[in-house]
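Read through the structure below, which is laid out as structure tokens, and then see the notes.
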Amino acid sequence: MNALLELRDVRAAHDGITVLHGVDLSVAAGQVVALLGPNGAGKTTTLRLAAGIHPAQSGQLLLGGRDVTGVDARDLARAGVCLIPEGRGVFPNLSVRDNLQMMTFTGRTRAEIEEIAYTRFPVLASRASQTAGTLSGGEQQMLALARGLATDPAVLLLDELSMGLAPLIVTKLYEQVAEIARQGVAVLIVEQFAAAVLGIADHAAVLVRGRVELQGSPDGGLRDELSALYLGSSA
């Protein structure tokens, strides 16, 4: 399977301290890859590096087989890389409709963007005039995903989608993520809690202290091995 997004022997640092020690990771079109591990393992740094927000000390970032190491985040976004950060990434003082309207910079009309959003997340249609900050946590995540999908991404990077949400809401959100992947999007999901994401993941990698300690198919025995590594949750 050809990788759409690939990290090759990537190292990265914060304030001179190396936090990624030669990470290898790849995601193909239509594939969901879960990046698991405890707090402080380097998961968010990996996502930020993949989005062009955090620089690599060494190694390569490839998009569609092309070396894009050091390319500006805005250029990667134009090339189809979409990061939905931890904390949902919506404008809390704007209405749902205005949050969506801001995505018209992608070239799509407001009507097109709203149709995409409301078809995938019908509850947002009934909340169109509501201020985003007053939505439930799950609805804010739906709005963040809807905004991201307005960019027609080739690569979707999700950071801690489950944070602060009830398990039932998380399950529904990840069902939507799985459907997005089935449409050919490469999806890389950072999660601390393995149980939240392994049900939809095609592949999983466990990052511990900046190194990939374990990876493979969730159905290939990886679930059984997870208990040997600290994940902050049982698998």
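The values are calculated or read from the model by the stated rules, or taken from the named source; none is laboratory data. The model shown is predicted, which means the values in this text are computed figures rather than measured ones. We place every Cβ from the backbone using ideal geometry, glycine too, and count neighbours over all the protein chains shown.
Quick notes
- Selection of the range 54-78 for residues being free of Cβ contacts under 8 Å to residues at least 40 places away in the same chain and either buried (at least 16 other Cβ atoms within 10 Å of the Cβ) or farther than 27 Å from Q192 by Cβ (or both) yields R66, D67, V68, T69, G70, V71, D72, R74, D75, L76, R78.
- Residues located in the range 65-78, provided they are outside any helix (DSSP H, G or I) and either of a type in the set (D, E, K, R) or in contact with a strand residue (DSSP E or B) (Cβ under 6 Å, 6 or more places away or on another chain) (or both): R66, D67, V68, T69, D72
- For the range 121-134, the condition holds for at least one residue, the condition being that it is buried (at least 16 other Cβ atoms within 10 Å of the Cβ) and either within 25 Å of L226 (Cα to Cα) or touching a strand residue (DSSP E or B) at 6+ places or on another chain (Cβ under 8 Å) (or both).
- Only one entry in G89, G59 is of a type in the set (G, A, S) and in a loop (DSSP other than H, G, I, E, B), namely G89.
- Qualifying residue in the range 12-20 (condition: at pLDDT 95 or above, closer than 25 Å to G184 by Cβ and in the same structural domain as A178 (by TED's automatic domain parsing)): no
- The helices (runs of 4 or more DSSP H) located wholly in the range 126-235 that include 1 or more residues which are β-branched (V, I, T), under 19 Å from I113 (Cα atoms) and at pLDDT 90 or above occupy 167-182.
- Hits in the range 80-119 - residues which are aliphatic (A, V, I, L, M) and in contact with a strand residue (DSSP E or B) (Cβ under 6 Å, 6 or more places away or on another chain): V81, L83, I84
- Residue among G30, G42 that alone is on the phi > 0 side of the Ramachandran plot and buried (at least 23 other Cβ atoms within 10 Å of the Cβ): G42
- For the range 90-100, the criterion of being in contact with a Gly (Cβ under 7 Å, 6 or more places away or on another chain) and surrounded by fewer than 22 Cβ atoms within 10 Å (Cβ to Cβ) is satisfied by at least one residue.
- With respect to the conditions (1) outside the structural domain of A144 (by TED's automatic domain parsing); (2) on the phi > 0 side of the Ramachandran plot, P85 lacks only one, and its number is (2).
- Residue within the range 97-108 that is charged (D, E, K, R) and assigned to a helix (DSSP H, G or I) present: yes
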